[in-house]
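Remarks on the structure that follows.
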Amino acid sequence: MQHLTEQILAYSEGLPEGTPVAAKSLLHLGNRAAVDQALSRLTERGQLIRAGRGVYLRPITSRFGTRAPSVEQAVEAIAIQRGEVIVSNGVAAANALGLTTQVPIRSVYLTSGRSRTMNLGKQVIELRHAPRWQLSLANRPAGEAVRALAWLGPEKAEEALKTLKRKMPAGAFGELVAVAPQLPTWLARSVGKTAYG
């Protein structure tokens with residue numbers, strides 16, 4: 001068994017720091033039960049960090065010791081590994097766009113996959129399934145605007161859209177207008193009023 005643990009460790013050390021290691025990608029080294037057991041051993045030793053079911057991350061080593069990868073790195077790596085769209089939630093998007101001073105306390109992301117939580121060291125990251133329209137334009141400024149407006153709701157959307165029209169580059173606001181038919185009626189109406197009103 002020790003041989004398999006060493007093989008998995010050598011494999012993970014060949015990857016860039018923060019890269020996810022999936023149990024399924026190691027099945028060429030041994031059967032699933034043996035791979036899971038070896039990954040569990042490496043996690044207990046602190047040589048890998050368990051991020052979720054069957055997904056592990058290599059910790060980042062510096063002269064100050066080892067630490068977990070940043071939440072953003074981990075989320076991006078999981079998105080690539082699982083083939084999901086994962087984006088910041090509405091509060092984080094509204095804050096990034098200057099539409100609110102509220103700062104998210106918990107790490108919550110929206111995903112095209114199922115809702116679940118991930119542990120990254122002592123930090124808990126919540127992934128919430130979101131409708132497709134909230135994930136449109138993923139990490140583009142117009143996509144952040146869609147999520148921020150969804151979080152603000154119908155009462156505050158028009159005022160926020162006026163601010164966004166002034167702040168956003170014309171091309172980014174144009175993308176928001178172009179995606180309006182995919183949005184809920186209340187939001188599409190507000191976008192149309194602001195764009196053409």
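Taken together, the values in this text are just the output of simple stated rules run on the coordinates, not laboratory data. Every value quoted in this text rests on a predicted model; they were computed, and no experiment measured them. Every residue, glycine as well, gets a Cβ built from its backbone with ideal geometry; the counts of neighbours run over all protein chains shown.
The table for this structure:
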{"quantity": "Extension reserve of the residue 17-residue 196 stretch, reckoned as 0.36 nm per residue once the Cα distance is removed", "calculated": "59.7 nm"}
{"quantity": "Loop chymotrypsin sites (Phe, Trp or Tyr not before Pro), the range 1-103 (other Cβ atoms within 10 Å of the site Cβ: 15 or fewer; DSSP)", "calculated": "64"}
{"quantity": "The range 101-144: trypsin sites (Lys or Arg not before Pro) in DSSP coil with no more than 10 other Cβ atoms inside 10 Å", "calculated": "106, 114, 122"}
{"quantity": "Shape of the range 138-196, Cα gyration tensor, a/c cut at 1.5", "calculated": "rounded"}
{"quantity": "Prolate/oblate/rounded label for the range 2-67 (Cα gyration tensor, a/c 1.5)", "calculated": "prolate"}
{"quantity": "Relative contact order, percent, the chain [alpha-carbon distance under 8 Å, six or more residues apart]", "calculated": "14"}
{"quantity": "Estimated dipole of the range 2-67 in Debye, rounded to 20 [Cβ of Lys and Arg +1, of Asp and Glu -1, Cα centre]", "calculated": "180"}
{"quantity": "Two-site FRET efficiency, residue 132 against residue 31, from Cβ-Cβ distance with R₀ of 41 Å, rounded to 0.05", "calculated": "0.65"}
{"quantity": "Alpha-carbon centroid distance for the pair the range 68-144 / the range 1-49, whole angstrom", "calculated": "27"}
{"quantity": "Protection proxy ranking, peptides 78-88, 171-181, average beta carbon neighbours within 10 Å, highest first", "calculated": "78-88, 171-181"}
{"quantity": "Beta bridges by DSSP in the chain, antiparallel share as percent, to the nearest 5", "calculated": "75"}
{"quantity": "Rel. contact order, % - alpha carbon contacts under 8 angstrom, at least six apart, the range 78-122", "calculated": "40"}
